[in-house]
1. Enter the per residue convex hull volume of region 214-262, computed from alpha-carbon coordinates, in Å³ rounded to the nearest integer.
2. Residue farthest toward the positive end of the dipole of the chain, with Cβ of Lys/Arg at +1 and Asp/Glu at -1: which of VAL191, VAL29, SER125?
3. In the full protein assembly as shown, how much of ARG131 is accessible to a 1.4 Å probe, in Å² to the nearest 10?
4. Do any chymotrypsin sites (Phe, Trp or Tyr not before Pro) in region 161-221 lie in a loop, going by DSSP, with at most 14 other beta-carbon atoms within 10 Å of their beta carbon, and if so which?
5. Can you compute the FRET efficiency between ALA347 and GLU40 using 1/(1 + (r/R0)^6), with r the Cβ-Cβ distance and R0 = 45 Å? Round to the nearest 0.05.
6. Under 18 Å Cα to Cα from LYS218, which lysines show up? Leave out anything in the same chain fewer than 8 places away.
7. Mind giving me the nanometre distance, one decimal, between the label points for ALA257 and GLN177, set 7 Å out from Cα along Cα→Cβ?
8. Taking the Cα-to-Cβ direction at ALA18 and at ASN97 and moving 7 Å from each Cα, how far apart do the two end points lie in nm?
Amino acid sequence: MKMVFRWFPFGEDSVTLAQIRQIPGMTGVVSCIPQIPVGEVWDEDIIRKLNSEIAAYGLENEVIESVNIHEDIKKGLPTRDRYIENYIKTIRNLGKNGVRCLCYNFMPVMDWARSELARPQKDGSFAMSYRHEKALEMNPAILAEKMLSDGFYMPGWEPDRIAAMAADIEFYHNMTQDEYWKNMKYFLDAVIPEAEASDVKMAIHPDDPPWELYGLPKVITNAENIRKFLSLNESPYNGLTFCTGSLGSNVHNDLPAMIREFAPRIHFAHVRNVFHFAEQDFDESAHLSACGDQDMYEIMLALIESGFEGYIRPDHGRMIWGEQARAGYGLYDRALGSQYLLGLEEAIKKSRGIK
């Protein structure tokens, strides 16, 4: 497996490529181009510019996270074909320029939700947090009716977007989950042939959190739904980003068992830990097993014994040692996490004679 590090290019990240290069065992970065509007084509010139910047530090750019899917595709609107065609062109351009894995999600309206971005921890660090009742109060359909005087919103939930988000949420209230699955299949059947031709493995990210929120359809949440998703298109290029933090937020998910079942279709692994206070209340924690609910040894063991050879990254980190950075994406805690995961990998492989 290849250890990689999430990085936001073109001045969007406080973490530098020079710093990432110094993390032992790091082979590359997981990048994106957020400056390109959702639904537009990623042209080769900007991809080459990104590759050149990364390569200058001896790192690879084989994973993109993510090319966001236009809402019209998720809604199944007549305009979706234009955006799907643009997505196909982007996959082709990425493949021609060395990208081998594309992590994306099909979450409606918003990518993820937390109720707090910097909750103080007992050790003095700060971590992203989710409290379900508090999250419900953040429903954009409610927030659209009042001033956000307390600044109570997530990144991407700026006041000028709240009204549009509320309207989108209302749209999905009139859509059945079966219709949402059909829209997902329509997308997959259109893009997977190009992914195969371009040798770019598609790796869908689970819903985060993995349960219903604001009445929106949530589908990549558990083993049953993942089986259904993979059956929508049987191509090995239709695969998963196995996120232990997202799937681990659901206390009923058996992550090692899921890894062993879905291993042939896992192309990318996000590995992090969470600590639950209640079934739907948790804080993101340090990667160490003892710091959360997930057994990282068993997770890494399942990946290795299943023959996983894809990309893996330490996922969200806490803010430690006074660092100020994008929520979840500081340098220090994720670098620590990567070394812990690499240590587990080395120990497991040596104990089993695996090279």
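1. Details: hull volume 4.5 nm³, N = 49.
Roughly 93 Å³ of hull volume per residue.
2. Of the listed residues, the answer is VAL29.
3. 40
4. Numbers: sites: PHE171, TYR172, TYR180, TRP181, TYR186, PHE187, TRP211, TYR214; in loops: TRP211, TYR214.
Listed in order of number, the matching sites are TRP211.
5. Numbers: r = 45 Å, r/R0 = 1.01.
The calculated FRET efficiency here is 0.50.
6. Output for LYS218: LYS74, LYS75, LYS182, LYS185, LYS228.
7. If labels sit at ALA257 and GLN177, their model points lie 1.9 nm apart.
8. 2.5
The values are calculated or read from the model by the stated rules, or taken from the named source; none is laboratory data. Quick caveat, the model's predicted, so the values are computed rather than measured. Neighbour counts run over all protein chains shown; Cβ positions are idealised from the backbone, glycine included. Heads up: the accessible areas ignore ligands, DNA and RNA and are worked out on the full protein's heavy atoms, side chains in. Shrake-Rupley method; radii C 1.70, N 1.55, O 1.52, S 1.80 Å.
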